[in-house]
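Read through the structure below, which is laid out as structure tokens, and then see the notes.
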Amino acid sequence: MNFFGFGQTAEIDIVLNDAETRKKAEHNGEDGRKEKYFRFYDGETVSGKVNVTLKYPGKRLEHNGIKVEFVGQIELYYDRGNHHEFVSLVKDLARPGELTQSQTFDFEFTHVEKPYESYTGQNVKLRYFLKVTISRKLSDITKELDIVVHTLSTYPDLNSSIKMEVGIEDCLHIEFEYNKSKYHLKDVIVGKIYFLLVRIKIRHMEIDIIRRETTGTGPSVYNENDTIAKYEIMDGAPVRGESIPIRLFLSSYELTPTMKDVNKKFSVRYFLNLVLIDEEDRRYFKQQEIILWRKGDIVKKSMSHQAIMAAQRFEGSSNPEKSHSQSAEDGKS
């Protein structure tokens, strides 16, 4: 509608320069539906074209300037409308004036730092997007294009196994062991459970993967626990001396890397929760935190040089030659 000359008289389209070749990644929206977005890594350049199409040919579009922004922001759902920006870059595309015909503008944000992983949770959303604004006296004309950012890591130097005990005096004594404490998102959790003493009738045992999202600070801290997976270990009563193996494939579940104190706004942590239920429906459980990370060495083979260097910076690598030689070895395998 354009009553009395008001309303949008132009349409904006944002097209990335490498849209035909850049891979996309699925990402959950606030409504839980999955959508595909262009995937970027820390340090990669974001460039493209802004097409401004006049709806009414022959009619001029007066404006107070045209700009494109690259924004990284965090939105806390209990504080909607108050966005916390951690990346904010601006490029002016046109000075104040008028457009007499449709026009295309080029833009480029070089080697953009994208320090955090895109995330949509129960109480918080971290997003990256391009925003074009045609400034006008009465109402601006805007257009946004969301992208997804993945953060990469390398294999941790220290990755010790987890050994813990669950016990009730004179009734139950269980030892469980996981092969390591840090897993990449496509990894397999391998472990064993040993029954050293069983004097209660256990009818069911499972391992849960729990995601704990923490937002806020001080007295205003919100913890949201979400059970991502339930893996049945045993259905029936165990006996003393019995050993049960565990193999849990993480690739089957929707997981993100562990995110700690992101911009001092939120954290995302993961726990393995061992649950035992006896015949009287009493529950016994033991939780252990694990670290999840996104494996980067295979992805790097198809990444640009600038993204490789950014990934090395993110990983804290001080020896680029070593990283390149590792990538070469990965290519041979």
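Collect the residues in region 81-133 that are hydroxyl-bearing (S, T, Y), at pLDDT 95 or above and not in a strand (DSSP E or B), keeping them in residue-number order.
Correct list: T110, Y116, S118.
Please verify whether S220 is over 30 Å from K55 (Cα atoms) and free of Cβ contacts under 8 Å to residues at least 40 places away in the same chain, treating the condition exactly as stated.
yes
Among the residues of region 32-63, which ones are within 16 Å of the chain's Cα centre (by Cα) and assigned to a loop (DSSP other than H, G, I, E, B)?
Hits for region 32-63 are G32, R33, Y41, D42.
For L272, indicate whether it is in the same structural domain as T217 (by the TED database), open to solvent by less than 10 Å² (accessible area, probe 1.4 Å), within 17 Å of I209 (Cβ to Cβ) and modelled with pLDDT of 85 or more.
Against the criterion (in the same structural domain as T217 (by the TED database), open to solvent by less than 10 Å² (accessible area, probe 1.4 Å), within 17 Å of I209 (Cβ to Cβ) and modelled with pLDDT of 85 or more), L272 qualifies.
Does T214 fit the bill of being surrounded by 14 or more Cβ atoms within 10 Å (Cβ to Cβ) and either within 30 Å of I74 (Cα to Cα) or of a type in the set (D, E, K, R) (or both)?
Taking the combined requirement at face value, the residue satisfies it.
Restricting attention to region 168-207, report how many residues are in contact (Cβ under 8 Å) with a residue 24 or more places away in the chain and not in a loop (DSSP other than H, G, I, E, B).
26
If a residue has to be acidic (D, E), part of a strand (DSSP E or B) and touching a residue at least 60 places away in the same chain (Cβ under 8 Å) to count, how many in region 12-31 make the cut?
Summing the residues that are acidic (D, E), part of a strand (DSSP E or B) and touching a residue at least 60 places away in the same chain (Cβ under 8 Å) in region 12-31 gives 1.
For region 191-229, which residues satisfy the criterion of being over 19 Å from F285 (Cα atoms) and among the hydrophobic types (A, V, I, L, M, F, W, C)?
Of everything in region 191-229, just one residue is over 19 Å from F285 (Cα atoms) and among the hydrophobic types (A, V, I, L, M, F, W, C), namely V221.
Is it the case, given these coordinates, that L130 is in the same structural domain as F38 (by the TED database) and in contact with a Leu (Cβ under 7 Å, 6 or more places away or on another chain)?
Yes; evaluated as a whole, the condition is true for this residue.
Which one of T142, T133, T100, T110 is surrounded by fewer than 16 Cβ atoms within 10 Å (Cβ to Cβ) and touching a strand residue (DSSP E or B) at 6+ places or on another chain (Cβ under 6 Å)?
T142
The values are calculated or read from the model by the stated rules, or taken from the named source; none is laboratory data. Every value quoted in this text rests on a predicted model; they were computed, and no experiment measured them. Neighbour counts run over all protein chains shown; Cβ positions are idealised from the backbone, glycine included. Just so you know, the surface numbers come from the protein's heavy atoms only, side chains and all, with ligands and any DNA or RNA stripped out. Shrake-Rupley method; radii C 1.70, N 1.55, O 1.52, S 1.80 Å.
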